[in-house]
Amino acid sequence: MQILRTALWAIGLVFYLPKLSAQLPDIKKDSLIHSVMWHPVDRVDAPPVVGLGQEGALQLRFDDFSQSVLPLRYVWIHCDRNWAPSPIIASEYLTGFWEGQIPEGRLSFNTYQGYSHYSAALPESSSMPALSGNYYLEVYHDEELLLRLPTVFAETTADLQLAIRRPAAPRLTARYQEVDAWFPWDASRTTNPFADIRLGIIQNRDWTSYRLLAPRFAQGDRLDFDYNGGENCFLAGTVMRFADTKNLPAGSLRVTRYELQDRWVGFVRQDIPTGILSYTRQDDARGSFVPRAARGDNHTQADYLWLDLELKDTEGSGARRMALEGDFNLYQPGPEHQLHFDEGRGAYTGRILVKQGYLEYRYRDLDAGTEGLDWSEGSHSISANQYTGIVYARIWGERYDRAVAVRTVDITDGAQLRIELGQ
């Protein structure tokens, strides 16, 4: 049997052509749910990817505009590497109960927008994922789905190596970053590692960037994910824009003034497109959103306000369909995040409802596909970014995809063009 497996692996090495394919996570959010935060308990600036069996390793927070304070229930759904539910039952991937309870919410205090705030440290010992892999956390009120959020529980952080560098291909060098990876693997554990092993990569906390790569080739007992055709290249982006409203109603660097209407309105300085501008080094948090209230509790006394934004139309056409995105809306801009062309102001304008605090954002042209950031933001290979790599494996005889290794690498100063290796 060992000889057969090794032979199959060798055949796969010669004939299997790796493909780039991934189904994005199906994130859901009820219209009354706002300010969702889902991250490791010790890092608000990292994606929800943690070690298996770590109780309370993830922090969940959100606000409910219905102002209900009743406890909510949650369930874990095990998924394959393409985020489809695995063909195993809850008793196989959970220890304890099949569902848990999120404690009752806390009502907001002294705010124009009433809401209830929910928080929970997950997973709990009473409902603990026992198998590694992709999971959905689903939150319900009775039978109504309020939230569906992706997370990954991985077995180890020790073996995966990641290298982030500027691509060699001339067409990619100036605007992209290349993520290469190497992973040690025992060929006897899988039928064909070129079919059964995948590397998942996430840029920052943006699940729309998620992609899967098959091993490119094997070097002894090590799998190599070093591609040359751009399959492992990501638009590097640029410095995120920001607005800080924690001192409401006092102005700040980017918010010039406030007006009290049905709720507070904060007027942000006009933004200009930066697609053709050179890169300017500036520290940012890669799209983070953190509720803050200078005069009270950050979670129950931070108010909701309209941010009045405008992006100058330097083309003079008004033909683009622009929207705002960032951690604050999970990089899924809806109609409420879109801007509209104002001929009188010569700009794309809109009012976006956000919670008081520190907000980073960027503008995207929704009709431009993969070039949606080219005009408004631009991209520079020396930008700071964070990449998380996850190795998935379908072990011989098993019916689910494991997450056998994970590594997160922060490129804090891309100008050094340094290879960052996880050791």
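Before moving on, here are some points about what is shown:
- Qualifying positions in segment 326-359 - within 23 Å of residue 283 (Cβ to Cβ) and touching a helix residue (DSSP H, G or I) at 6+ places or on another chain (Cβ under 7 Å): 329, 354, 359
- Yes/no for residue 236 being under 30 Å from residue 390 (Cα atoms) and crowded, with 17+ Cβ neighbours inside 10 Å: yes
- Once segment 113-130 is narrowed to residues that are over 22 Å from the mean Cα position of the chain (by Cα) and not in a strand (DSSP E or B), the residue that is surrounded by the most Cβ atoms within 10 Å (Cβ to Cβ) is 115.
- Residues that are among the polar types (S, T, N, Q) and either in contact with a helix residue (DSSP H, G or I) (Cβ under 8 Å, 6 or more places away or on another chain) or in the same structural domain as residue 289 (by TED's automatic domain parsing) (or both), drawn from segment 60-98: 86
- Selection of segment 70-92 for residues being loosely packed, with under 14 Cβ neighbours inside 10 Å and more than 21 Å from residue 208 (Cβ to Cβ) yields 70, 71, 87, 89, 91, 92.
- Per the conditions (1) touching a Lys or Arg at 6+ places or on another chain (Cβ under 6 Å); (2) modelled with pLDDT of 95 or more; (3) outside the structural domain of residue 211 (by TED's automatic domain parsing), the sole criterion not satisfied by residue 422 is (2).
- Reported count of residues in segment 106-150, each being touching an Asp or Glu at 6+ places or on another chain (Cβ under 9 Å), hydroxyl-bearing (Ser, Thr, Tyr) and closer than 23 Å to residue 199 by Cα, is 2.
- The requirement of being within 19 Å of the chain's Cα centre (by Cα), under 20 Å from residue 356 (Cα atoms) and in contact (Cβ under 8 Å) with a residue 60 or more places away in the chain is not satisfied by residue 23.
- Condition check for residue 376: of a type outside the set (D, E, K, R), at pLDDT below 95 and within 15 Å of residue 241 (Cβ to Cβ): no
- Pairing residues of segment 99-112 that are in the same structural domain as residue 136 (by TED's automatic domain parsing) with residues that are acidic (Asp, Glu), at Cβ distances under 7 Å and at least 6 apart in sequence or on separate chains, gives 100/124; 105/64; 111/303; 112/303.
- The strands (runs of 3 or more DSSP E) found wholly in segment 27-67 and carrying at least 1 residues that are over 17 Å from the mean Cα position of the chain (by Cα) and surrounded by fewer than 20 Cβ atoms within 10 Å (Cβ to Cβ) occupy 33-40, 49-51.
- Residue within segment 140-159 that is free of Cβ contacts under 8 Å to residues at least 24 places away in the same chain and at positive phi present: yes
The values are calculated or read from the model by the stated rules, or taken from the named source; none is laboratory data. As the structure is a computational prediction, the values presented were derived from the model and not from experiment. Virtual Cβ from ideal backbone geometry, glycine too; neighbours counted across all protein chains shown.
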